[in-house]
Every structure is written in structure tokens, then in C-alpha cells.
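**Q** Before we start, here is the structure in question, set down as C-alpha cells.
The values are calculated or read from the model by the stated rules, or taken from the named source; none is laboratory data. Quick caveat: nothing in here was measured; it's all calculated off a predicted structure. Neighbour counts are summed over all protein chains in view; Cβ atoms, including those assigned to glycine, are modelled from backbone coordinates with ideal geometry. In case anyone asks, the SASA skips ligands and DNA or RNA and just uses the protein heavy atoms, side chains included. Shrake-Rupley method; radii C 1.70, N 1.55, O 1.52, S 1.80 Å.
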Amino acid sequence: MRWQSVAVYAVLLSVWGAFSAWQYRSYVRERELIEETLHQQARSVMTALVGGIQSHRRLGRFLELQLRGMLEELVKSPDVIAVSIWAGSEKPILGAGQVERLDLHGGSEPSDRWTSAGFQLIEAFDLQPPEAGAELGGGHGGGGGRGYGLRWRTEAEDEDSRFAAGGRFLAALLLERTRADQMNRRSAWSHAFVTGAGGLVCFCLAWVWRASVRVLEAQGRTRLLEAEARHWRELSQAAAGLAHETRNPLGLIRGWTQRLLQDESPYPDRQRHARAVLEECDRVTARINQFLAFARPCEPALAAVHPQSLVDELAVILQPDLEARRLRLDVVVAPGLTQIQADRELLRQALFNLIQNAVAFAPDGDAVTISVVGESGGSCRLDVADRGPGVPPEAVGSLFAPYFTTRSTGTGLGLAIVRRIAAAHGWEAVYRPRPGGGAIFSLQGLHV
């Protein structure tokens with residue numbers, strides 16, 4: 001299920017990436033279209049301007065007056081910032097608008113580019129010199145009335161016109177880019193919003209997928225827990241029936257064996273054999289009791305439990321074993337963790353099993369340490385540590401399995417019972433090697 005979730009997240013991320021790339025390409029196309037529109041607008045104005053100059057070429061000294069009026073009309077448009085006519089690299093011949101905002105440092109070659117002031121277009125055009133001063137003007141026809149005809153111009157009539165000699169000229173046009181920039185920004189924000197919305201949709205789909213997976217996992221865990229609870233109930237009933245059927249004959253055997261021990265017999269071997277039967281009856285009864293404890297369903301009744309008082313009670317019960325090995329119990333409780341939430345009897349049983357194991361493996365004259373340590377999230381951990389030989393690495397994976405033991409006299413149910421009690425509380429029973437040698441068995445996830 002984890003790899004399936006990763007695959008789904010990867011697919012959704014790829015879809016959002018492709019969608020984002022598509023939106024970016026759309027934005028680039030729209031920006032190019034906006035810029036091309038302004039470019040075509042500048043081309044149209046420039047074509048009209050150059051065409052007007054060339055068509056009015058024959059006006060002579062009146063050409064500049066006509067062009068000045070034409071340029072003044074052009075800059076009245078809100079889209080035109082400045083327009084000017086240049087002759088090579090000299091000063092402008094004519095200009096209108098904010099001519100100082102034109103950037104002509106690029107030389108006298110035609111160009112179109114975006115500047116901080118706007119979109120600038122520069123075009124070159126040529127004017128041919130007049131032929132022998134001929135122009136269209138008033139004259140006398142060959143008929144009897146007055147009319148229009150060709151006449152000869154003098155050079156004096158063209159001496160005031162800077163266009164009279166013809167040559168190569170530059171026309172510079174600067175258009176306002178504010179509206180284009182606004183359209184570009186709106187387009188960028190629009191595509192960014194759509195991209196963000198697409199990402200939000202993908203995130204929602206991922207969240208829905210995750211929620212669905214969690215629901216399915218919760219349903220699976222619920223079914224598993226129900227099956228496990230049903231199994232333990234049936235096992236508990238079977239164990240109770242077996243114990244009932246076994247305890248009665250065991251009690252009878254133990255009773256008659258005890259009577260044999262009380263009777264004086266001239267046969268020492270008979271007395272020794274009777275004592276061995278009695279010990280075996282007690283051992284089998286203890287095993288049955290442990291099996292019943294393992295098979296009994298755990299239904300914790302949570303309450304505030306003081307770990308210090310619980311350890312004190314267990315120290316009294318284990319006093320004979322502690323004294324026989326010259327061991328002591330050290331309790332270390334972190335400040336603020338004087339009580340924990342647990343079923344007192346179940347925690348007492350789990351703690352008894354852990355301390356009993358530690359006592360069995362601890363070196364003589366040493367100590368068994370019980371610690372309550374705080375963890376993040378308002379939880380704590382209960383550790384039982386000893387300085388014994390520890391657990392072989394190959395046996396760690398089977399520690400909490402039923403009937404697995406590393407002790408010759410163990411039943412293999414003590415740690416299994418600890419794990420069952422921990423699982424019933426929502427805790428975790430774990431083992432880790434103790435630094436410097438020994439073993440640490442912990443109950444993790446206890447609530448304060």
C-alpha cells in the first residue's frame with residue numbers, strides 16, 4: 001500500500017507538472033501575441049508616416065510644415081510617446097512628443113526593441129533629389145484660358161527645405177508599453193492562479209487518496225482486531241476448560257502424594273520419589289496459571305498509576321530472590337512523571353515479568369534499574385535494565401514470541417504476556433542492548 005501511495009503521488013505530481021508547463025507555454029504565447037500586436041501597431045504607424053513623407057516630397061519648402069503638423073497629430077494619440085525624423089547621426093530634423101525618451105545609442109541602423117520607456121521602432125527611408133527642379137504647379141496652358149501645367153522651379157525655392165537634397169533619413173517612433181505590460185501581468189496572474197488551482201486540485205486528490213487509504217487500513221485493522229479478539233476469546237475458553245480438567249486430577253495427585261510424604265516410610269526412595277511428584281505437580285500448576293494469563297483477553301481499565309508504589313509492591317514479592325542474589329532495585333522517575341495512565345493490575349503483571357527476567361540474568365551483587373523517562377508528545381517510556389549477558393542477536397527477533405525462552409527453567413510466556421498487555425494499552429514492548437553491556441526491556445508510548 002505504501003508503494004501504491006508513492007506511485008499515486010508521483011502521478012499526481014507529474015500531472016500537475018505537465019499542467020503547469022502547459023499554462024506557462026500558454027502564457028508565453030499570449031505575451032508574444034500582445035507584444036506582436038504592439039509591434040504591428042508600430043509598423044502601421046511607421047508605414048503611414050514614411051508613406052506620408054514620400055508622398056509629400058514635392059511640396060518643397062512646405063514639406064516641413066506639413067510634416068510637423070503630421071507629427072503633432074501622431075503624438076496626440078495616447079499610445080504614441082514620441083516621434084522624430086533624423087538625418088544620419090545628426091540632431092533630429094523634426095520631432096514631437098517626449099523626444100528625450102528616445103534611445104538612439106544603437107546607431108543609425110533600423111531596429112525594434114523594448115526599452116524602459118516603451119516599444120521603440122526605427123526605420124530608414126530614402127528620398128530621391130528632384131529632377132531639374134520640376135514640380136506640379138500653376139502655369140499657363142496652351143489654350144485661351146488659365147489652367148495648371150508644368151513649370152520650372154528655381155533652386156531658391158528649395159533652399160529652406162532640409163529634405164530638398166534627398167538622401168537617407170531615419171524615422172524613430174516610441175509607443176507606450178503600459179497597457180501591454182498590464183495585459184502581460186494580468187495574463188501572468190491568470191495563468192498563475194489556474195496553475196495554483198490545478199495544484200490545489202491535485203493536492204485535494206492526494207488528500208482524498210490518503211484518507212481513503214487510511215480508511216481502508218483502519219477497516220482492515222478493525223477486522224484484524226475483531227478476528228484476533230474472537231481468537232483470544234475462544235483460546236481463553238479452551239484454556240479455562242483445559243485448566244479445569246487438568247487441575248482436578250493434579251490436585252488429587254498432589255493430595256495423595258503429600259499424604260505419602262507425611263506418613264513415615266522405611267523406604268527412602270519412596271519418600272524421594274513422592275517429593276519429586278509433588279514438585280512436578282506444583283510446576284505444572286504454575287505453567288497452567290501462566291498459560292491462563294497469556295490466553296485471558298486483556299481489556300484495560302485505565303486509571304492513574306504511580307510507578308514508584310508499584311515497584312515497591314513488587315520489591316516485597318521478589319524480596320527472597322533479590323536477597324538470594326544480593327540484588328537491589330533502583331527506581332529513577334523523571335520529574336513530572338509521578339503517575340501514568342494504565343490498568344494497574346495489567347501493568348503490575350507486565351512489570352513483574354520484566355523485573356523477574358532482569359533478576360534472573362543480573363550479576364550477583366548488582367542492581368536492576370527501573371526508569372520512567374519522558375518522551376515527546378506527552379508520552380513516556382518505562383525501562384527495566386540489567387547488566388547481564390544481554391540477548392544474542394539471532395534471538396532478538398523471537399524474544400516476544402510465545403514459548404520462546406533463553407532460560408533453561410523459563411516457560412517462554414513471560415515476554416509474550418508483556419507484549420499482549422502492551423498491545424492492549426496501545427503501547428509497544430521493545431528490547432535494545434544496554435550501553436556497556438546488559439539488556440533494556442521497555443514499554444513505549446505510555447500516557448502521562
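**Q** How much accessible surface area, in Å² rounded to 10, belongs to the heavy atoms of L224 with a 1.4 Å probe?
**A** For L224, solvent-accessible area is about 110 Å².
**Q** On to the next question. Would you mind computing, in nm to one decimal, how far apart the modelled labels at A367 and L127 are, each placed 7 Å from Cα along Cα→Cβ?
**A** Output for this residue pair reads 11.0 nm.
**Q** Then there is this: Describe numerically, in nm with one decimal, the distance between label points set 7 Å from Cα along Cα→Cβ at W209 and at A188.
**A** 3.2 nm
**Q** So if R0 is 25 Å, what FRET efficiency would A401 and W3 give, r being the distance between their Cβ atoms, rounded to the nearest 0.05? Present the calculation step by step, with values, prior to reporting the outcome.
**A** Values: r = 28 Å, r/R0 = 1.13.
For R0 = 25 Å, the calculated efficiency reads 0.35.
**Q** Treat each spin label as a single point 7 Å out from the Cα along the C-beta direction, and report the I93 to L216 distance in nm.
**A** Between I93 and L216, the simple spin-label model gives 8.1 nm.
**Q** How many angstrom lie between the C-alpha centres of the range 198-219 and the range 418-448?
**A** Between the Cα centre of the range 198-219 and that of the range 418-448, the gap is 33 Å.
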